[in-house]
1. Can you tell me the orientation of helix A:680-694 relative to chain A, as the angle in degrees between its alpha-carbon axis and the longest Cα principal axis, to the nearest 10?
2. What's log10 of I(q)/I(0) for chain A at q = 0.05, 0.09, 0.10, 0.11 Å⁻¹, Debye sum over Cα points only, no solvent?
3. Using just the alpha carbons, could you tell me how many Å³ per residue the convex hull of segment B:208-250 encloses?
4. What is the fewest-to-most order of A:524, A:448, B:311, A:260 by other Cβ atoms lying within 10 Å of their Cβ?
5. Over every pair of different alpha-carbon atoms in segment B:247-356, take the mean of 1/r and invert it; report that Kirkwood radius in Å.
6. When you take every Cα atom in chain B, what is the radius of gyration, and what is Dmax, the widest Cα pair distance, in Å?
7. Could you work out the mean projected area of the convex hull around the alpha carbons of segment A:724-775, in square nanometres to one decimal?
8. Kindly give the semi-axes, whole Å and largest first, of the ellipsoid equivalent to segment A:151-207, taking each as the square root of 5 times a Cα gyration tensor eigenvalue.
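No lab work stands behind these numbers, since they all come straight from the coordinates. Everything quoted here is computed from the prediction, not taken from an experiment. Cβ placement follows ideal geometry from the backbone for every residue including glycine, while neighbour counts extend to all protein chains displayed.
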């Protein structure tokens, strides 16, 4: 290590030149990295639900459906003014880019039809396409026709007749969320006035909102940065103490983003928090370096030599620094086991980013420090060290010296138990209705709540019933099973309704039987059912049945409408589907395949996260323990460093559970990163205690020196970072605010445990890997 | 002070108990490492699932038939062999095991213990223990169209059932054995009534009315004085002479001579074009009650001079297939099940609580 440190400092110009060159080269790709959200990236491709979803999404309903709800403020929708608006919006949809015009469902569209019996069999006609009703009588007829049809009255016209729904699907590969968001709102605003209220929801809208807040996110990042720099300057009192951490943060960010762009990975605005977190680590490593450098300068007394001090700094901090970075990278890498592309890409980004910290902070900072001309000079006179930091660190030392150390241990134990208990209540999936990305009172969530109040549910899941045999979907047993399945599922309160071909055939059958409701049932055999299907399709247009059954009649869809996306709701629904399948394994060689649509995809994601939850935490801890064991050649070291990590994570989990923040795709990487990052502070402190003890200091002196030097770095970075994380509370994206809060808590707990708990533990148990036998 | 601590701990190291402790200390970490690895690879968390309480009458249920034994004891039957019984006037329900998946179209009872239910594919079930067990009875079938649509019970264990293919079935031993009372014919019979010891009348498709004066041995067709050929769905009599039959497209026929001749009711005071599915004579309120598609109801006084019509709910246009009159009002079944109070004109859905 000594040799490496010497080499770096001696060839400092070459090192600097290389770093500068790489930074320059990577700047270009780093600044042109794509900032966007791709919903498909959330889909765990190998999961069976996703396979079903991918196979059928184009006909049975994808994840990118937008729903417009038009609510009449006075009376019901059956007046010319409202109907004109419904028609206007329906026709306006065609002007939205990437729209799938065959998947527009509206009472003013071509796809929703009235089915009637006539002398020639069955006849069907759209409700008000191409023309609106002409007079009161025709409006009345329209109303009656809609009331009669359970496929429209309920799903597309609300039970109180005050609202109607228009839904539209997109071609996934052509869809641009921002454009769809702009165009959809433009359309809604065009028709909204005193007489109607228009709500718009759907994934393209949701991610449009995330992008809408991108400038705000950037402002928050800049504000956080400004707070960070000012505080660092005030506390460190030197330009180097302010700019060097900034430079190392910037260098690692440029390298990481540059490499990601070269690897074809885009930057999701939802992972800004992760980026902040890693940058925070780069900065804290750098602050450790600067703090240590100052100390070495002080130690050198009159023989001030920046090169010498920088060399010692690099030599001594190389081990804790690199170990910290390696554990960070190792623990984050574990997340890549997850089959979710978003997480895999995130892992690549995070591992690259964390690894660059080894160069940008651990090597670059001391190298730059070696050029410092007047290392004793300060930029301003306000000395917070004397007023605040030293007294606090003295307190830390006093705690270790006195019996208060046992109190610290006691508090930690209580926290373990209490938080451990509460963290068991942590939920997987979204814990609240509406989108957890946005605040409950955001326009999107308010719209979403309004729609769910009027309609069976805006979020859909489809299951596919079928197999490889043609005409399976005509079999009475298969159709019967579908109906029983639908009834079974509808018993769950959060499932507002279900829809399938098995709902349509009885209607057709009844119509053929003069409207006799005692014949509102499926045909008695597959021949009759085939006939009913044929009649319906004959009366309709080709493709009208596509959303219910494929052309070979092999596979039929059952669409379930959900009133919320809560993790519990989805888990219960999936468990009930599986229960039903267990009771009805195979009917006429047809099977029920789970599950597509937005809810199907979320179900798959939640399942993956749930099953990976223990896996990723256990494996991350495993990697941490093994690394500590290897580096310190002591099995106790592994146990020792698990303490702050588990504590900070338990506190965070308990807080999430208490605040109703669910473990979802957005929070999982934060948790995994927390394990790796939580150990850094403790590593610096313990490593310093070890080296001071080896120099011949007593136990307490070693601890005191460590707390005043490494501890200062910990305290300063924690203070500065917590302060700059606070700006996220003001984010319009609830997810960012919550993650900011979590990171704040997590930083506080790991800093406090590094400052109080770890030295106390070290002093009480005196582990050999710290206090080794002295020569 | 710190030196003292040093000495103490150095001395401690030599004690034998410390050696054991050291061994434990060196084993435990590896055990934890192993446990972590094991947990990482094998442990899969399980989730707690919310319990879903199934309502007695589900949203999708179609309840086709109803029979009121008295104000408390009510029997319902419907799709997929569903039979429900209430002992508290419809506040809560017991699901009974019918052991059939066929849709049941109608249910009728002699008393609170003995009942009979009929349905698709000629299924005919009886119970003698209040519905704890239902047994399927043998009935003549054609193999082509065997759906049974209505069944009625009469004193002395007598029962009449009608259905597809012109089928008229009769039993006089509480439904144990059945005889077919008429040749098969490609016409659906929708309802039947026995007026007195010998007179039985059945109605059906294309406005057909059949009458037998010898308890079903011979049947004659009644000519109706109307050109409306809509199917007749149900009929009921006030006494042995005066009766009403209702049918599709708002058809209402009346007879004053025990079913020998029928006239179409003149629709002057009201306009009714919806399908009418059932009619009953309400002896306590001295009036007629009719229900049908789209939630319509129609009431008429004894002489049909004052007629009122409306729908149970402005927007819930659920259809109904049968109606029974009770002290509280009219109990109707179909796409939903509820009680209509003719005084307040309010329709309330019955309790949905499932017991047992």
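1. Long axis of A:680-694 versus the principal axis of chain A: about 20 degrees.
2. Here log10 of I(q) over I(0) equals -0.34, -0.86, -0.98, -1.11.
3. That works out to 91 Å³ per residue.
4. By the 10 Å Cβ count, ascending, the order reads A:524, B:311, A:260, A:448.
5. Hydrodynamic radius (Kirkwood, Cα only) of segment B:247-356 equals 14.5 Å.
6. That works out to 32.8, 123 Å for Rg and Dmax.
7. 5.0
8. 24, 16, 8
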